[in-house]
1. Sequence gap at least 6, Cα distance under 8 Å: using those rules, report the relative contact order of the chain to the nearest whole percent.
2. What is the list of residues in region 44-62 whose amide nitrogen lies under 13 Å from a point 7 angstrom out from the Cα of Trp30, following Cα to Cβ?
3. How far, in nm, would the chain grow between Ser162 and Leu176 when pulled straight, counting 0.36 nm per residue and subtracting the alpha carbon separation?
4. Any idea what % of Cα-Cα pairs in region 2-177 are farther than 30 Å?
5. With only Lys, Arg, Asp and Glu charged, each at its Cβ (+1 for the first two, -1 for the last two), find how big the charge dipole of region 2-177 is about the Cα centre; round to the nearest 20 debye.
6. Projecting each Cα onto the charge dipole of the chain (Lys/Arg +1, Asp/Glu -1 at the beta carbon, about the Cα centre), which of Ile133, Leu171, Gln79 comes out farthest on the positive side?
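Values in this text are rule-based calculations from the coordinates and carry no lab data. Everything quoted here is computed from the prediction, not taken from an experiment. For neighbour counting, all protein chains shown are included, and Cβ atoms are generated from backbone atoms with ideal geometry for every residue, glycine included.
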Amino acid sequence: MLAALSTRKKLIGFGLVAFYIILDQLSKWWILEHMIKPNIPNSDLAPFGIIDWFASHIRLPFVSIELLPFFNLTMVWNQGISFGLFQNGNPWPLIILSSAIAIFFSIWLYKATIWREIIPLGLVIGGALGNIIDRLHFGAVADFIDFHIADWHYPAFNLADSFITVGIAILVINSLFFTRS
């Protein structure tokens, strides 16, 4: 009975990874194709379907669309890591590093037995793999969520970045405030 429950938790954990990757990639496709692309000045680029989009390697230019006084959709291609650090133009070192991190967290997920670890580990792995897919596809990560106060802008991010941040935060809270039984 315990082995079946453990196997079910592993399947759910890795199923969550797949769900988060799909959610991230669909959000990027929809925002870029249906929100950003129609707002590119003097552009005759037609929207791509999801399959055609993955076959295309077109990086859309910078566009910013104000939705609320504190929130824009802003097309940014991040060739570095968080907050635009280490922008060297070569995606392979970050693809390799992100893959190693995803493998480490996947091993942890495989060994995890409690939901307080399984769910956030799924978030971190799914987010990392979503950004790896972008680097393989475009050579950079598509970021578009832009919160700001007046002229101060928080660095643009995407759902994958949010998954990683929330997952890591939950793991840290778990390690600080909860003990394993």
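1. 27 percent
2. It comes to 50, nothing else.
3. So the chain would gain 2.9 nm between Ser162 and Leu176.
4. 23 percent
5. The calculation lands at about 800 debye.
6. Leu171
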